[in-house]
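The values are calculated or read from the model by the stated rules, or taken from the named source; none is laboratory data. Model, not experiment: these values are computed from the prediction. Here the Cβ positions follow ideal geometry from the backbone for every residue, glycine too, while neighbour counts run over all protein chains shown. Side chains are part of the model used for accessible areas, which takes the heavy atoms of the whole protein and leaves out ligands, DNA and RNA. Shrake-Rupley method; radii C 1.70, N 1.55, O 1.52, S 1.80 Å.
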Amino acid sequence: MDLKGKVAIITGGTRGIGRAIVLELIRDGANVLFTYLSSDESAATVLGLVTEFGEGVGQARAFKADVRDYNEAKRVVGEAINNFGTVDILVNNAGITRDKALMMMEPSEWQEVLDTNLTGYFNMAKSCIVMMMKKKSGNIVNISSVAGITGSARQVNYSSAKAGILGLTKSLAKEVGPYNIRVNAIAPGYIETDMTKDLKRRDELEKLIPSGRFGDAKEVAKTVAFLASDDAGYITGQVIKVDGGLAI
Ligand SMILES: NC(=O)c1ccc[n+]([C@@H]2O[C@H](COP(=O)([O-])OP(=O)(O)OC[C@H]3O[C@@H](n4cnc5c(N)ncnc54)[C@H](OP(=O)(O)O)[C@@H]3O)[C@@H](O)[C@H]2O)c1
């Protein structure tokens, strides 16, 4: 994809899917500011990987910020503008799980997941949107999950947040379409990351996937790059499943 000269913010860019998105967009020529919550070491590793790309790629900056905090979200956008002059692409990716049956789930575990996985997306989108509306151009890609489409036992917190992201995506797409801003969502299935590494009965899960395997984070990242590019110029308000057929 050609993203030369574009400026992107990616939340949760130090591990898993977020990291793959950072590396993909930088290879495609975008300048990227990525955020993370806690691990300075993981952020340094990603910056190190980018230096190995050589010339002709975008630049990377890391910024520690908690997406749950609206003021921190605004600081992220300010930092991207200070470094790169504007923001063209927002990828809302930072997410967590606190899986448990509802009967065992504490209100705090419900709230923590909603705060990160849904309010975090609102905080970041709100922090970018006026600037994008003023320049009549922008692109938001929200990472949801098939759990938000089909539901998922022991994940009422996570599935509710991920379904909420779909409402946010479609509503915002209608609202800002006239400003030449596109808003889409990706719903990954099982992807090989820290989030899924301890899943039990993996063999059984793989049997449910028509492609017969967990996905690679790069396969999600390439879909993000497409949606963020001008090649997807007439696509907005959509939910693209990257799930090996799991949710057919
Ligand atoms: N893996 C899957 O199978 C799968 C499937 C469907 C959807 N997804 C979605 O894809 C996204 C990425 O998942 P992943 O598997 O790549 O997760 P991951 O490997 O656990 O990485 C999560 C990332 O989010 C960051 N983060 C967490 N809380 C944050 C906060 N409050 N503020 C800022 N950053 C925060 C983490 O930073 P630190 O490392 O510093 O904590 C880390 O960079 C999530 O939205 C997830 O729900 C994943």
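Annotations
- Note on region 102-176: with charges restricted to the Cβ of Lys and Arg (+1) and Asp and Glu (-1), its dipole about the Cα centre is near 580 debye.
- Cross-link pairs LYS126/LYS222; LYS4/LYS74; LYS126/LYS207 - those with Cα-Cα distance over 30 Å: LYS126/LYS207
- Entries in LYS64/LYS135; LYS170/LYS241; LYS100/LYS218; LYS100/LYS162; LYS134/LYS241 that, when Cα-Cα distance is taken, lie over 22 Å: LYS64/LYS135; LYS100/LYS218; LYS134/LYS241
- In Å², nearest 10: area of ARG154 left accessible to a 1.4 Å probe: 140
- When each of the peptides 39-52, 217-230, 62-75 is scored by the mean number of other C-beta atoms lying within 10 Å of its residues, the order from highest to lowest reads 217-230, 62-75, 39-52.
- C-alpha center-to-center spacing [region 170-209, region 1-59] in angstrom: 19
- Annotation: per residue accessible area for region 158-223 equals 54 Å², rounded to a whole number [probe 1.4 Å, protein chains only].
- Counting only DSSP H runs of at least 4 residues, each contributing -39500 (n - 2.57), and dividing by the residue count of the chain, the helix-based mean residue ellipticity at 222 nm comes to -13000 deg cm²/dmol.
- Rolling a 1.4 Å probe over the protein heavy atoms gives region 1-99 an accessible area of 43 Å² per residue.
- Theoretical gain in end-to-end length, GLU41 to ILE96 [0.36 nm per residue, Cα-Cα removed]: 17.9 nm
- Listed peptides 84-90, 9-15 appear in the order 9-15, 84-90 once ranked by packing, highest mean of other Cβ atoms within 10 Å at the front.
- Share of carbon and sulfur in the accessible heavy-atom surface of region 7-242 [1.4 Å probe, %]: 51
- Around the Cα centre of the chain, unit charges on the Cβ atoms of Lys, Arg, Asp and Glu (plus for the first two, minus for the last two) sum to a dipole of about 560 debye.
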